[in-house]
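Worksheet: the structure to be examined is printed underneath.
The values are calculated or read from the model by the stated rules, or taken from the named source; none is laboratory data. On a predicted model such as this, the values are computed, not experimentally measured, just so you know. Reconstructed Cβ throughout: ideal geometry from the backbone, glycine too, with neighbour counts over all protein chains shown. Note: areas computed on protein heavy atoms with side chains; ligands, DNA, RNA excluded. Shrake-Rupley method; radii C 1.70, N 1.55, O 1.52, S 1.80 Å.
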Amino acid sequence: MSANQRPFWQSLPTKSVWKQLKHDILDYTEEFGTSGEITVEINGQELKLPGSSTLEDAIKVSNAPYKKGTAIGILIEKEDQKSQASKEYLVKTSKGEFKIELLDESSPSSKRWISIFKDLTELPVRWTNKDVLAFGPFSTDMETTRDNSEMERFTLLFGAGGGDAANTHLIVSKTRHSAEYGAPEDGVFARLISGKHVISDLDRGDRILSVEPVVEWEKAGEHISTTDLSTKLEDGYRIFTYIKIEIDPLAPEGAEFFFAVTKDGTFHIDYLSTSFISDHRFKGELVTYENFEARSTGSVFVRTVGYGAGKLFISTDARTSSIMHSVIGHVVQGIELARIAEKGQKVMVESVPDRIMLLGMTNADAEAQMAQKDIEVTREGYTGDDGFIVKQSPSTTIEILHEKKVTVQGVDPEMLVEIELYDDLAPKTLDFFRHAVGLQYDPVGLLPVMMTYENTYIFKAEKPAESYKEIFPENTPAKAIAGEIGVTNQAAKRAGMIGVKLVDDDLFGPTGERLGNTNIIGKILDPEKLKHFKDDDLMYVLESSKEE
C-alpha cells in the first residue's frame, strides 16, 4: 500500500451519513410512494405522476380547470366494457367538431350511416348555401325519390344529385325548409346535438377528418365525488374537474338565463335523480320557451312554466322532449362529473361561447375586448372612453356574435356607484333587491331617485319585486351607519323602499323608518357620489366583484 492510499474501510460512509441516507429514502417513499409512477386521466388528458400523488398535484401539473370549493369526480373502473351500439357520433372537421345523434337506429338511412361512417374520412364540403351544407360525393346503393324533403334546422339526410346513388351527399340543414335532394323515402335520419356553430363556419375547401362513435363506457367500478384536494390518487384513476357546455344558438334568451344562474362559474346540485341534476337558485323566474328538442344525455334545459319554473337541469340520461322544458345547450365535456357529483355539492362549469356582457365596463375596455372577437362597437349616450356602459343592444350573446356588432349606451362615471352586498347577513332581502333593481341577471342595476332630504336618499325600484318577494325583518341595525343601504321590511307600510344616509343615525334607518323596520343589505363604496344626485335622477349600481 502506497503512502497516498487509504484502507478501503476508511472510504465507507460514516454512521451519520448512513443515518441521513436512511432519512432521505424514507422521505422519498413517503412523498412519492414505492410504486414509482402512476398513470391517471384528468378531463381526458393522460398524465404520468409520481406514486402517491394527490388531486392537487394532478390539477397543478395538468393546469386543469378548477374552481375552489367545487366537487371533483373520480372514476375507478375495474373493468372497461364498451356498449355494443352507439346512437351518437363525433364528426371532426377542418374547422372543428360537431356531434350527431341518430333518430332511429332501425331506419334504412341510420343503418346505412352505421355501415359507411368509417369511409367518410377526408370527405370534402361540396357546396354550401343559406339553407344547407353538403359533404360529398360518395357512392351508395340507396333508392331515391323525387319528393321534397322536409328538414328542420340542424338535421341530416342522404341526398343523391340527379337521383344517382353514385352521387350521394351528406346534407346538413342550416334552416327549416323543404327542397328536393334525391333523398331516400325515410328522409331525415339524424340531428346535430353539439357543434352547431361549426356548420356555419365550414366552406368549400374544408373537409371531414374523421367520424367516431361516441362510446358509452360501462362503469363496472366505483366513483368518488370529493372537494378534498389531498385525496391520494392510484393508477388508472379518471378525474373530472369541470363540465363544459356548448350553448345552443336556437336559445339566445335561455343562454342569458344560464349565464345568470352560473355567473359564479358553478352549477349547484340542489336535486338529483337517475336522469338529471338540477340547480334551483333561480326557481320562480320566468324564462322564454325557445327550443323544442329531445333532452338527450348531456342536454342542458330549463323549465319555463308551472311549478318549478326557473329550475336549470343537466340531463344524465336520455329523455323525451317536453313543452315545458326549453333546451339551451349541451355538455361537450365532463358529463361523467354530472353523474358522479352528489346532492348539495356544486360543480365548476364553463360555456362555449363565453357570455358577452359589457355592462359595467368602460367604453374603452369594451371596445378593446370586442376587437379581439372582431365585433364592431357603436357608442351612444356618454361616449367618452371613461363612460360606464349600462345597456347593450342586442342584449344577448348569441345575437351579438351573429351580427358581429353591438351598440352600447354609456353614462358619466359619476352616475354609477359601486356597492358591496351582505349576502351572509341578509340573503332574503337581497333576493328582493337584486330582482327589483335588475342585478339578478346583469352586473349593473338601476335605482331611480325618489327623493332627497337632510343627507338621506330614498329610492324606489321600478320593478315591484315586493309583490312576489318576501321582506321579513332581517339584519335590523342598532344604529344606521353612513353609507349603508337599507330596505324597509314588511313590518312597515312602505315595504320595499330603499335608502342611504350620509351620516350616522341612532333613531332612524336609511329609509327614514324606525331601525326595527329596516333591513341592512350592504353599503355604497363611493358614497361621495350621492351628492351629485337629485330627485328623479337615475342612479346605476355596480355590485363589487368578490374574487375567491
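Computed quantities for the displayed model
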| item | result |
| --- | --- |
| Residue in the range 410-426 that is out of contact with any Phe, Trp or Tyr (no Cβ under 8 Å at 6 or more places or on another chain), surrounded by 15 or more Cβ atoms within 10 Å (Cβ to Cβ) and farther than 21 Å from Gly360 by Cβ present | yes |
| Where Ile171 falls short, out of the listed (1) out of contact with any Leu (no Cβ under 6 Å at 6 or more places or on another chain); (2) within 22 Å of Asp248 (Cβ to Cβ); (3) aliphatic (A, V, I, L, M) | (1) |
| Number of the condition not met by Ile471 [criteria: (1) touching a Leu at 6+ places or on another chain (Cβ under 9 Å); (2) surrounded by 19 or more Cβ atoms within 10 Å (Cβ to Cβ); (3) part of a loop (DSSP other than H, G, I, E, B)] | (1) |
| Only listed residue being loosely packed, with under 15 Cβ neighbours inside 10 Å, in contact (Cβ under 8 Å) with a residue 24 or more places away in the chain, outside any helix (DSSP H, G or I) and of a type in the set (Gly, Ala, Ser), chosen from Ser225, Ser200, Ser178 | Ser178 |
| Filter result for the condition that a residue is open to solvent by less than 30 Å² (accessible area, probe 1.4 Å), under 30 Å from the mean Cα position of the chain (by Cα), touching a residue at least 40 places away in the same chain (Cβ under 8 Å) and under 30 Å from His402 (Cβ atoms), over Glu101, Glu88, Glu97 | Glu101 |
| Residues of the range 117-146 that turn out to be of a type in the set (Val, Ile, Thr) and within 35 Å of the chain's Cα centre (by Cα), as a count | 4 |
| Residues (more than 30 Å from Lys174 (Cβ to Cβ) and surrounded by 18 or more Cβ atoms within 10 Å (Cβ to Cβ)) located in the range 239-264 | Ile239, Phe240, Thr241, Tyr242 |
| Residue within the range 265-274 that is within 25 Å of Ala64 (Cα to Cα), among the hydrophobic types (A, V, I, L, M, F, W, C) and open to solvent by less than 40 Å² (accessible area, probe 1.4 Å) present | yes |
| Which listed residue, of Gly381, Gly445, is at positive phi and surrounded by 15 or more Cβ atoms within 10 Å (Cβ to Cβ) | Gly381 |
| Wholly within the range 71-163, strands (runs of 3 or more DSSP E) carrying at least 3 residues that are not hydrophobic (A, V, I, L, M, F, W, C) | 72-82, 88-93, 96-102 |
| Scan of the range 58-70 for residues that are assigned to a loop (DSSP other than H, G, I, E, B) and free of Cβ contacts under 8 Å to residues at least 12 places away in the same chain, ordered by number | Asn63 |
